[in-house]
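What follows is a short report on a single structure.
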Amino acid sequence: MSQGPGNTSVNVMAESARRAARAGQLDEAARLWEQVRANTPDHPEAWFFFGQRALAKGDAAGATQWLSRAAQLAPKEPLISLALANARRAQNDTDGEMAALEAALKADPYCYPALLAKGALLERLGLKRNAARIFTDALKIVPAAEERLAPDVRALVQRARTAVAENASALDAFIESKIGRVREAHTTARFDRFNESKEAMIGRKKIYTQQPVMLHFPRLPAIQFYDEAEFPWLKELEAGTDAIAAELEAVLNTRSGDFRPYLNHPDGVPLNDAAALNRSPDWSAYFLWDDGVRVDEHCKQCPETAALVERMPLANVPGFAPAVFFSTLRPGASIPKHTGVTNIRLIVHLALIIPPKCSFRVGNETREWRRGKAWVFDDTIEHDARNDSDQLRAILIFDTWNPYLSVAERELVCALLAAQREYYRGDVGPR
């Protein structure tokens with residue numbers, strides 16, 4: 001809120017009035033704002049205060065007079081117009097309410113309380129579809145910390161979520177009534193990609209993009225979970241589940257100390273949501289291959305696993321890949337959303353020790369592991385994992401080449417990353 005003319009004594013009185021209002025001393029604040037008006041009759045904040053006070057007392061007509069004048073004096077202050085809309089609504093003046101809300105949004109198109117109020121007004125007028133569109137826009141900019149919102153705004157947020165969900169269901173039903181014949185004409189076709197696009201259009205799903213931390217190779221498809229048919233060798237991997245699980249159990253029983261926290265970053269590295277897992281045993285790994293180097297001692301402890309993995313099409317990038325390891329997640333632990341280093345390779349999971357309530361999300365799809373089941377996914381798409389059980393969860397993880405990369409591209413990527421590593425190692429600094 002602007003502080004009005006640059007008169008020092010008026011500004012001092014105005015600040016005293018604000019402090020009194022914040023302290024709940026409304027009579028004292030009113031006295032001080034009257035003094036402000038005596039010196040500066042057109043001080044917009046004084047008019048705003050008396051308008052709000054009248055509205056709080058149930059005097060909607062009086063509030064409208066005060067707030068209309070305040071809005072004239074400060075047309076770029078959205079909260080004044082928003083308060084005027086509340087006064088108009090109390091008088092059942094829908095045209096005036098809409099005009100005030102439009103004025104608030106003209107002053108600030110990102111004033112989410114005004115967007116929520118406009119959506120609620122459209123809903124009251126029976127324009128539910130348009131209301132849902134406005135609510136959708138508002139929900140995109142509502143602060144994440146909803147608990148800090150005023151109770152009336154929180155109620156509007158919940159109302160908006162309900163309206164948006166109901167509209168999505170109604171829109172989906174309408175669309176299906178129109179496209180059903182097209183589906184029926186293609187009985188043998190796959191509709192998974194189309195269905196995802198439809199879900200995104202009606203607002204039920206978000207389409208996630210690749211966000212590699214290190215190397216982004218262009219024009220590779222952003223596929224969350226790949227079709228198993230593209231990887232016929234998964235069947236051999238799954239067939240080895242019992243042998244792999246037995247070796248994992250033996251390692252857990254006799255060499256559990258060889259597991260190390262998966263995240264082990266030095267101090268000072270920004271980790272955001274993953275900070276709690278840094279150097280934590282909640283998410284641990286037992287490496288058979290680490291950054292492309294075979295860990296012979298560990299492979300000796302798990303000979304059948306090592307032999308089977310060596311028959312898989314591992315991504316081979318000297319100094320970087322493959323990584324092959326058992327990954328454990330302790331009871332009640334979760335891995336926050338994150339993305340991997342590069343989309344030149346994909347990640348394979350084989351489920352081994354899987355208690356109930358263990359889930360894994362990639363983008364907009366969430367799955368539960370099943371013992372003996374493997375899948376391939378793109379870890380440069382945002383993903384996370386949860387173990388909501390009271391038991392340990394353990395899986396085998398390794399990386400394989402992205403099948404859309406040519407042999408020449410694989411070799412060039414290896415040379416590229418080797419050159420980058422050599423370049424930075426040569427930075428010896430001042431002597």
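For segment 304-327, residues that are under 16 Å from THR241 (Cα atoms) and in contact (Cβ under 8 Å) with a residue 24 or more places away in the chain total 10. In segment 253-293, of all residues being in contact (Cβ under 8 Å) with a residue 12 or more places away in the chain and more than 23 Å from ALA385 (Cα to Cα), the one that is surrounded by the most Cβ atoms within 10 Å (Cβ to Cβ) corresponds to GLY292.
Do you know which residues across segment 252-271 are aliphatic (A, V, I, L, M) and under 15 Å from PRO281 (Cβ atoms)?
Of segment 252-271, the ones aliphatic (A, V, I, L, M) are 252, 263, 269, 271.
Those that are aliphatic (A, V, I, L, M) and under 15 Å from PRO281 (Cβ atoms): LEU252, LEU263.
The set of residues in segment 354-410 being among the aliphatic types (A, V, I, L, M) and in contact (Cβ under 8 Å) with a residue 12 or more places away in the chain consists of ILE354, VAL362, ALA374, VAL376, ILE381, ALA385, LEU392, ALA394, ILE395, LEU396, ILE397, LEU405.
Taking the stated definitions as given, is ASP390 out of contact with any Leu (no Cβ under 8 Å at 6 or more places or on another chain), assigned to a strand (DSSP E or B) and over 21 Å from THR241 (Cβ atoms)?
Numbers: out of contact with any Leu (no Cβ under 8 Å at 6 or more places or on another chain): yes; assigned to a strand (DSSP E or B): no; over 21 Å from THR241 (Cβ atoms): yes.
No; evaluated as a whole, the condition is false for this residue.
Could you tell me whether any residue of segment 12-35 is β-branched (Val, Ile, Thr), assigned by TED's automatic domain parsing to the domain that holds ASP108, assigned to a helix (DSSP H, G or I) and buried (at least 21 other Cβ atoms within 10 Å of the Cβ)?
Initial filter on segment 12-35 (β-branched (Val, Ile, Thr)): 12.
Narrowing further to those that are assigned by TED's automatic domain parsing to the domain that holds ASP108: 12.
With the extra rule that they be assigned to a helix (DSSP H, G or I), the set shrinks to 12.
Adding the requirement that they be buried (at least 21 other Cβ atoms within 10 Å of the Cβ) leaves none.
No, segment 12-35 contains no residue that is β-branched (Val, Ile, Thr), assigned by TED's automatic domain parsing to the domain that holds ASP108, assigned to a helix (DSSP H, G or I) and buried (at least 21 other Cβ atoms within 10 Å of the Cβ).
Listed here are the residues, each with its yes/no results for (1) part of a strand (DSSP E or B); (2) β-branched (Val, Ile, Thr); (3) more than 30 Å from GLU297 (Cα to Cα); (4) at pLDDT 95 or above.
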position	(1), (2), (3), (4)
PHE326	yes, no, no, yes
PRO331	no, no, no, yes
PRO356	no, no, yes, yes
PHE360	yes, no, yes, yes
THR366	yes, yes, yes, yes
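Going residue by residue through segment 255-272, is there one that turns out to be of a type in the set (Gly, Ala, Ser), at pLDDT 95 or above and assigned by TED's automatic domain parsing to the domain that holds ILE397? No, because not a single residue in segment 255-272 is of a type in the set (Gly, Ala, Ser), at pLDDT 95 or above and assigned by TED's automatic domain parsing to the domain that holds ILE397.
Selection of first residues in segment 99-112 that are aromatic (Phe, Trp, Tyr) and of second residues that are assigned to a loop (DSSP other than H, G, I, E, B), restricted to Cβ pairs under 7 Å at least 6 apart or on distinct chains, gives the following pairs, ordered by first then second residue: TYR112/VAL142. When segment 194-210 is limited to residues that are touching an Asp or Glu at 6+ places or on another chain (Cβ under 7 Å) and not hydrophobic (A, V, I, L, M, F, W, C), the one that is surrounded by the fewest Cβ atoms within 10 Å (Cβ to Cβ) turns out to be LYS205.
What number of residues within segment 249-291 satisfy the criterion of being under 31 Å from the mean Cα position of the chain (by Cα) and assigned to a loop (DSSP other than H, G, I, E, B)? So that I can check it myself, show each step before the final result.
Residues of segment 249-291 that are under 31 Å from the mean Cα position of the chain (by Cα), as a first pass: 259-287, 290-291.
Remaining after also requiring assigned to a loop (DSSP other than H, G, I, E, B): 259, 262-271, 278-282, 291.
Selection size over segment 249-291: 17.
The values are calculated or read from the model by the stated rules, or taken from the named source; none is laboratory data. Just so we're clear, the structure is a prediction, and the values are computed from it rather than from any experiment. Note that we place each Cβ from the backbone using ideal geometry, even for glycine, and neighbour counts take in every protein chain shown.
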